[in-house]
Amino acid sequence: MAIEDDVLVVGGGLAGTIAALAAADESARVRLVSYKQSTLRHASGLVDVLGYTPAGDGPLVDPFDALADLPEGHPYERVGNEAVREALSFFDGIAGDAYEGGHTDANALVPTHGGTVKPTARYPGSTAAGLASDDRDTLLVGFETLPDFEAPLAAAHLEAAGAPFVARGVTVQFPGIVRDDAKVTRYAHLLDHDEVVATATGETTARAALAETVRAHLEDETRVGFPAILGDDRADAVRADLADRLGVDVFEVPMGPPSLPGMRLEELLYAALEDAGVRVTTGVPVVDYETDDGGIERIDHVVVDRNGTEIPHRADQYVLATGGLVGKGVRSERERVFEPIFDCHVPHPADRYDWFVDDVFGDQPYARFGLPVDRELRPLDADDDLEFENLRAAGAVLGGYDFAAEKSGSGVSLATGYVAGQRAGTEAGR
């Protein structure tokens, strides 16, 4: 006997969790199934909308001004400008005080660990004091045991990019950690619990020792940026304590994977799923599906593999949010590109040498590989007919855009996840 729900979401990243929450908001019984660990923990935690146009113009001050000019087939063109706004508002309601940026349509410029600035629509409160539009002089602090953030180099890149402030970078020893293979969660744990650590002058707490170390390097700066390792469960308290001890504003610089801001966002979203009554099943791949005998082909149920046991899951509506080429929601072989669960159509040149261009910084065709969809986000086959009446797709599995070049990945996942979930929840209730 199949496990039955109104809406079944396949995929546990940003698009999948938002789709599940949006469907639940329509009073649907929702289940989310995912195979691998969520990709959220590898993301920066920033929520962009559109930083650059497909032609490369930018950084954009107001991303909404550019949405109307996007090409046909772009995910934003499919859902429409107003849906993007509604999705951001939906996210604001989930995130609460944890994120900022909802007061304006304009992009914020958030410094990253490489010394670049990323145009983004929503950003964690932990990064707010570090925005590149702020002209206050800045000290960036890196740690000898954390080579992913080279603070002096990041500061030099910010100044070279024309940041409206003086930036300096220093590298210090993080109190209590001597190994260069320590996980970022170890740094966060030390600060969360303010553990006692040994220093050259004796024992003290981790926060006091860190503040004392950094204070010796402060000059006229009125804000200090640390790599994003300032606590997990008590991140706000850690940041406030360090700011109080140093007498300056303290902010976090988003890092590469694994990312504590990404983990915090994951925790926030999965807590929201629990509160919304969404059933979550992780560690199970979808291995098969069957269709019903209706005149218009519908998915009847999918089959998941739980430790070698195949279990059917039936729903009225389905949302596919398994990621793109990186997340393996879209797969490639030497002769073809395909979607591996439902075998949905992925447009691509027949000659694989046309999948890319030789210029590594060029406009790569493969970056836009993904599912074509109608305005209901239902996948289309090679003849532009529906693949399945009751399947929608969201997030990086969609084609028609280059999220890395546009700085639009999280925004597309948010907007399309919201629309796919809302429509699925509404249809399931009819």
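The values are calculated or read from the model by the stated rules, or taken from the named source; none is laboratory data. Because the structure is a prediction, the values reported are computed rather than measured. Glycine gets a Cβ as well: all are built from the backbone with ideal geometry, and neighbour counts include every protein chain shown.
For (1) surrounded by 15 or more Cβ atoms within 10 Å (Cβ to Cβ); (2) at pLDDT 95 or above; (3) under 24 Å from P257 (Cβ atoms); (4) within 20 Å of the chain's Cα centre (by Cα), each residue gets a yes or a no:
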| residue | (1), (2), (3), (4) |
| --- | --- |
| T39 | yes, no, yes, yes |
| D57 | no, no, no, no |
| V79 | yes, yes, no, yes |
| A83 | yes, yes, no, yes |
| L88 | yes, yes, no, yes |
| I94 | yes, yes, yes, yes |
Task: When residues of segment 370-387 are limited to those that are closer than 10 Å to H345 by Cβ and in a strand (DSSP E or B), the one nearest to the chain's Cα centre (by Cα) - done: L371
- [ ] Name every residue in segment 111-146 that is closer than 18 Å to A160 by Cα, of a type in the set (V, I, T) and either part of a loop (DSSP other than H, G, I, E, B) or not assigned by TED's automatic domain parsing to the domain that holds A182 (or both), in order of residue number.
- [x] T112, T116
Open item on the list: Out of everything in segment 239-258 that is in contact (Cβ under 8 Å) with a residue 24 or more places away in the chain, surrounded by fewer than 23 Cβ atoms within 10 Å (Cβ to Cβ) and not in a helix (DSSP H, G or I), what residue ends up being farthest from the chain's Cα centre (by Cα)?
Closed with: V248
- [ ] Take the residues in segment 381-392 that are more than 23 Å from Q364 (Cα to Cα) and among the hydrophobic types (A, V, I, L, M, F, W, C), then tell me which one is surrounded by the most Cβ atoms within 10 Å (Cβ to Cβ).
- [x] L391
- [ ] Go through (1) modelled with pLDDT under 95; (2) assigned by TED's automatic domain parsing to the domain that holds A24; (3) more than 18 Å from the chain's Cα centre (by Cα); (4) under 18 Å from L40 (Cα atoms) one by one and return the number of the condition D233 breaks.
- [x] (2)
Task: Filtered residues of segment 141-173 (kept if aromatic (F, W, Y) and touching a Ser or Thr at 6+ places or on another chain (Cβ under 6 Å)) - done: F165
Open item on the list: Yes or no: segment 119-132 includes at least one residue that is under 21 Å from D220 (Cα atoms), touching a residue at least 24 places away in the same chain (Cβ under 8 Å) and of a type in the set (K, R).
Closed with: no
- [ ] Determine, yes or no, whether S27 is crowded, with 20+ Cβ neighbours inside 10 Å and either in contact (Cβ under 8 Å) with a residue 12 or more places away in the chain or β-branched (V, I, T) (or both).
- [x] no
